[in-house]
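What follows draws every value from the coordinates through simple rules; no lab data is involved. On a predicted model such as this, the values are computed, not experimentally measured, just so you know. So basically every Cβ, Gly included, is an ideal-geometry build from the backbone, and we count neighbours across all protein chains shown.
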Amino acid sequence: MDDCLFCRIASGEVGADIIEERPTAIAFRDINPQAPVHVLIIPKEHIPQIKDLKPEHCEVLADIFSLMRDIGISEGIDMRGYRIVCNIGEEAGQEVEHLHFHMMGGRFMKWPPG
Ligand code: AMP
Ligand code: ZN
């Protein structure tokens, strides 16, 4: 998708602070961090949101969760705790229509979220 920001980051056309990559997924730092650690994990393929997932996306979902597990360790937040957020659609505040998971840590989190 030429007009999708996260597709352009995944292809390398737009620069980002990439911290890790897997065959089907990539992780980079959020440009507007809401916590000391704020990483976005995305599929390289353009999947707009959860309703667009198909059975063949099993591998990409496994890559995403494996990446999040490893980032928790490499960012030093795995023992302290962290939050994974996936905003879906307008009411949740999804701004970028390319499936992504926010991984935030390094501070205490409030519940319920705003
Ligand atoms: P969401 O509101 O869930 O769609 O989240 C989109 C996220 O993308 C926000 O937290 C933005 O700060 C982040 N973002 C937007 N543009 C960039 C960029 N060029 N590089 C890294 N993160 C970005
Ligand atoms: Zn995209």
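Only the Cβ atoms of Lys and Arg (+1) and of Asp and Glu (-1) were treated as charged; on that basis the dipole of the stretch 5-105 about its Cα centre amounts to roughly 200 debye. Positive end of the dipole of the chain (Cβ unit charges, origin at the Cα centre): among Ile50, Val96, Cys86, the Cα lying farthest that way belongs to Cys86. Between Asp78 and Gln34, the distance separating the two model label sites (each 7 Å from Cα on the Cα→Cβ line) works out to 2.5 nm.
Think of the chain as a dipole: +1 on every Lys or Arg Cβ, -1 on every Asp or Glu Cβ, centred on the Cα centre; then among Cys4, Leu61, Gly76, Gly76 lies furthest on the positive end.
Rg/Rh for the chain stands at 0.94; both radii use Cα atoms, and Rh follows the Kirkwood definition.
Taking the longest Cα principal axis of the chain as reference, the axis of helix 58-74 is set at about 30 degrees. Think of it as helices only: each DSSP H run of n ≥ 4 in the chain is worth -39500 (n - 2.57), and spread over all residues that comes to -6500 deg cm²/dmol at 222 nm.
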